[in-house]
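The structure under discussion appears below in the form of structure tokens.
The values are calculated or read from the model by the stated rules, or taken from the named source; none is laboratory data. Note that the structure is predicted; figures quoted are calculated from it, not measured. Quick reminder, even Gly has a Cβ in these numbers, built from the backbone with ideal geometry, and neighbours come from all protein chains shown.
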Amino acid sequence: MKKILFIILLSSISTYSQNISNSQKLDTISSIQNLDEVTVDALRAKDDTPIPFKNIVKADLVKINLAQDIPTLIKNTPSVLMHADGGTGIGYSAIHIRGSDETRVNVTINGVPYNDSESMNVYWVNLPDFSSSVESIQIQRGVGTSTVGAGAFGASVAVNTLGAIVKPGVRAVLGMGSFNSSRESVSWNTGMIGNGFSFDGRASHVSSDGYIDRASSELNSLYTSVAKRWASGRMSLTTMLGSERTYQAWNGVPQLATDENVTDQEILDWAAGSSEYGYGSDSERVTDLIENRRTHNYYNYENEVDDYAQNHLQLHFDQRVGLADIAMTLYSTSGAGFYEQFRSGDSFQSYGLEAPMFPDSTSPESTNVIRRRWLDNTLLGSIINLSVPIKEAKLDAGFAYSTYSGDHFGEIIWMQHAFDVMPGTKYYDNVGNKHDMSAYSRISFDLIPRLIQVQGEAQIRSVLYTSNGVDSDLQDFMFDHKMLFFNPKLGLDFKPSENLRAFASVAIANREPARSDYLDHPGWGSALIKPERLLNIETGFKTYGKKWAAEIGLYHMGYQDQLVATGALNDVGNVVRINVPNSFRQGVELQGGVEISSLIRWDGNFTLSKNKIEEFDEILYDYVSMIPTVITITHINTDIAFSPSVVAASMIGIKVWSNDKNSINFEHAAKFVGKQYLDNTSNDERSLPSYLVNDFVVRWSPESESGLSISVFANNIFNKLYSANGWTYSYLYGGLDGMVTENYVFPQAGRHGFINIVYSF
């Protein structure tokens, strides 16, 4: 442990932050900006909010933004892990916070929910270069506050794009880098014009071949906002349009192929026992695996792509009435797209078809097919928040309602030997509908004036989720579930002096199962599957001076009925998640920073945690006979998958040179992630090794807001060969002695670079 800490401290990191100040501000503009702080930021945690959180402002985002998605930009914040399918952070990428995956991380954009209503996942790829329009990001670890969304469970990420831009300007960005990556972007704003109106927008194109073979991305986005501000309020209409076409790299790479010490013959021997590679008969894939190793892509069909477009429309209205602040939002999120696949050797029955009869009275046993699986969905909703002082207290309250409809269907594009199947033939179709309604109230008051503040909060959330139709396995997928959740929170903030603060809080949160849990569960959404429940306890202590700050936090997240993979399969062979009675995450989070001199600043964070399932039954299938035998292994006190016990980051920024017009800054970021297990059995043979990655940035920039800026990014400078995510499955052939385990991982890019050229005027 001491060695890890020493390495992290020596390999220090991040951003030397500079606050951009506008020296020329009219009084009317100042009042408008103050209103923004009240209405927009009131929905976020403040210094006296008794929860752990981290804020990232626009000035810091600009420095590290090289066309990658938000997971890459926040990866060095406490307890955050990031991975990307294509290995570069362009395309499909995701985060874990305290081990919780994105289905348990509540993401909002200007208060509007961004998680998919059914899968609960977050698809950052649908809004390419979105970070270029972001004013600030707040990451809340743990349950967090109800003000950042109804679905908060393991963590929350609140993204804000709304801000008062005082000065007009245009910003053009041209970037290029490794793996044929490029970025072209232009943004504009009018500043404040007549009668309090302002207009701003951005258009971007990002593309990359990806580190993994064929893991290419072609991404486009458009952002516009028109706002009307007055002394006591604001109205804005915001649109965000995104489209992505990303070649699939979802299968990952066999883990043994990423080991430089493994010989070609060992890979051949492994492939001979792998069903994914046709037990060695799929010579094209096996040859590609041997030749390309870490960059191998299982998919080789030329149009094996994910193609999706998503449109966001948000209408925000904020008004101060006396001492009260009212914020209302209407929103619409719509999207449509598909992923296309080539399938070899599928049965006709799996598409609801009978095998054709050849002229010689024979029938083919299987067929090759090209299919598209579609999602056409719409989310409509409204949000209202009220903040009002009541004597010596403050009351916050809110109400939210959304309705979602998602049409899932599959089309046959081409099928071999199917003479009567027309292109575009639909072979399954089901519609999911979800109605989500929630209300919360929060009161905060001084128990002891200027010393102890109490915050109490209660949320009621109602979820109605239905589905009707046939799923992709051609089985009826119909259910009607109603769930009612009560989520209370209580916290204390203690401030004995100006530079000391302590807090403690307790919260309960509930979360409904995802669509896949209903879809893949043997009970088909019956009472066999339950919602998850979380008890979250947080304590923390902060101290700070003029040039330094330090914080320590302790947390306990106790789960009841957490859904985890146990190895169980449903009747069509899909992996299902099962409720386990008791599990927990607990740990300590350290973070701090110091301005060593006027030219050097250091920041760092360190998380040490324990993430355990108290007891569960692993399910294994023995395929020694035609009808597999089910074998159960009981595990006690095992580690939760993808929950490393050690996560650390360190950041250092150095102003190398400056004059009245320009400056050169050097920034170094290091991230350490401990060993992660691929499943919940604590089996070392199903794990990802720890890794330490170092990134460097050299930035030449003007001292003012206008002019030319050039940033050179050198990522993974020491060429660490590592994998940040993966999956595994095991089965038996003749008892436990015949266990076969296959691990697949997602290798991240080795040493690579990017140049960003920005001109603002």
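For the range 353-370, a residue qualifies if it is of a type outside the set (Ser, Thr, Tyr) and either part of a strand (DSSP E or B) or under 25 Å from residue 299 (Cα atoms) (or both), and the qualifying residues are 364, 365, 368, 369, 370. Would you confirm, using the coordinates I've provided, whether residue 323 is exposed (fewer than 15 other Cβ atoms within 10 Å of the Cβ) and either touching a Leu at 6+ places or on another chain (Cβ under 6 Å) or in contact (Cβ under 8 Å) with a residue 60 or more places away in the chain (or both)? When the stated conditions are applied, residue 323 passes them.
Selection of the range 721-757 for residues being exposed (fewer than 15 other Cβ atoms within 10 Å of the Cβ), touching a strand residue (DSSP E or B) at 6+ places or on another chain (Cβ under 6 Å) and outside any strand (DSSP E or B) yields only 738. Scanning for something surrounded by fewer than 24 Cβ atoms within 10 Å (Cβ to Cβ), modelled with pLDDT of 95 or more and not in a loop (DSSP other than H, G, I, E, B), does the range 69-81 turn up at least one residue? Looking through the range 69-81, at least one residue is surrounded by fewer than 24 Cβ atoms within 10 Å (Cβ to Cβ), modelled with pLDDT of 95 or more and not in a loop (DSSP other than H, G, I, E, B).
One line per residue, one yes/no per condition, for (1) crowded, with 20+ Cβ neighbours inside 10 Å; (2) at pLDDT below 95; (3) assigned to a loop (DSSP other than H, G, I, E, B):
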| residue | (1), (2), (3) |
| --- | --- |
| 669 | yes, no, no |
| 682 | no, no, yes |
| 692 | no, no, no |
| 719 | no, no, yes |
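Within the range 437-445, the presence of a residue that is free of Cβ contacts under 8 Å to residues at least 12 places away in the same chain, surrounded by fewer than 21 Cβ atoms within 10 Å (Cβ to Cβ) and part of a strand (DSSP E or B) is excluded. Checking each residue in the range 295-350 for being over 29 Å from the mean Cα position of the chain (by Cα) and among the aliphatic types (A, V, I, L, M) picks out 321, 323, 324, 326.
Being surrounded by fewer than 20 Cβ atoms within 10 Å (Cβ to Cβ), closer than 28 Å to residue 174 by Cβ and not aromatic (Phe, Trp, Tyr) is true for just one of 233, 201. Which residue is that?
Details: 233 fails: closer than 28 Å to residue 174 by Cβ.
Going through 233, 201 in turn, the sole match is 201.
Of the residues contained in the range 241-255, one or more are found to be under 28 Å from residue 118 (Cβ atoms) and of a type in the set (A, V, I, L, M).
Can you report the number of residues in the range 353-408 which are hydroxyl-bearing (Ser, Thr, Tyr) and within 29 Å of residue 419 (Cβ to Cβ)?
Taking the range 353-408 and keeping what is hydroxyl-bearing (Ser, Thr, Tyr), we get 361-363, 366-367, 378, 382, 387, 401-405.
Those left that are additionally within 29 Å of residue 419 (Cβ to Cβ): 361-363, 366-367.
Summing the residues that are hydroxyl-bearing (Ser, Thr, Tyr) and within 29 Å of residue 419 (Cβ to Cβ) in the range 353-408 gives 5.
Could we say that residue 567 is surrounded by fewer than 20 Cβ atoms within 10 Å (Cβ to Cβ), among the small types (Gly, Ala, Ser), closer than 28 Å to residue 738 by Cβ and at pLDDT below 95 here? No.
Taking the condition of being more than 27 Å from residue 718 (Cβ to Cβ) and surrounded by 15 or more Cβ atoms within 10 Å (Cβ to Cβ), how many residues in the range 653-662 meet it?
Just the residues of the range 653-662 that are more than 27 Å from residue 718 (Cβ to Cβ), to begin with: 658-662.
Now narrow it down to the ones that are surrounded by 15 or more Cβ atoms within 10 Å (Cβ to Cβ): 662.
Selection size over the range 653-662: 1.
The condition (being more than 30 Å from residue 244 (Cβ to Cβ), of a type in the set (Asp, Glu) and in contact with an Asp or Glu (Cβ under 8 Å, 6 or more places away or on another chain)) is satisfied by just one residue among 340, 392: 392. Would you confirm, using the coordinates I've provided, whether residue 195 is surrounded by fewer than 22 Cβ atoms within 10 Å (Cβ to Cβ), in a strand (DSSP E or B) and polar (S, T, N, Q)? The answer is no for residue 195.
Which residues, counting only those in the range 620-644, are among the β-branched types (Val, Ile, Thr) and either outside any loop (DSSP other than H, G, I, E, B) or out of contact with any strand residue (DSSP E or B) (no Cβ under 6 Å at 6 or more places or on another chain) (or both)?
624, 627, 629, 630, 631, 632, 633, 634, 636, 638
Restricting attention to the range 633-652, the residues that are over 30 Å from residue 590 (Cα atoms) and either at pLDDT below 95 or surrounded by 13 or more Cβ atoms within 10 Å (Cβ to Cβ) (or both) add up to 2. Between 175, 163, the distinction of being touching a residue at least 40 places away in the same chain (Cβ under 8 Å) and assigned to a loop (DSSP other than H, G, I, E, B) belongs to 163 only. If the condition is being surrounded by fewer than 18 Cβ atoms within 10 Å (Cβ to Cβ), in contact with a helix residue (DSSP H, G or I) (Cβ under 9 Å, 6 or more places away or on another chain) and more than 15 Å from residue 517 (Cβ to Cβ), then the range 474-491 contributes only 474.
Does residue 345 meet the test of being at positive phi and free of Cβ contacts under 8 Å to residues at least 40 places away in the same chain? In short, yes. For the range 483-502, state whether one or more residues are among the aliphatic types (A, V, I, L, M) and either within 17 Å of residue 581 (Cα to Cα) or in a loop (DSSP other than H, G, I, E, B) (or both). No, the conditions are met nowhere in the range 483-502. Every listed requirement among (1) surrounded by 17 or more Cβ atoms within 10 Å (Cβ to Cβ); (2) part of a loop (DSSP other than H, G, I, E, B) is met by residue 260 save one, (1).
Selection of first residues in the range 472-483 that are within 11 Å of residue 430 (Cα to Cα) and of second residues that are in a loop (DSSP other than H, G, I, E, B) and at pLDDT 90 or above, restricted to Cβ pairs under 6 Å at least 6 apart or on distinct chains, gives the following pairs, ordered by first then second residue: 474/352; 477/471.
The set of residues in the range 585-632 that are β-branched (Val, Ile, Thr), under 29 Å from residue 534 (Cα atoms) and surrounded by fewer than 21 Cβ atoms within 10 Å (Cβ to Cβ) comprises 588, 619, 632.
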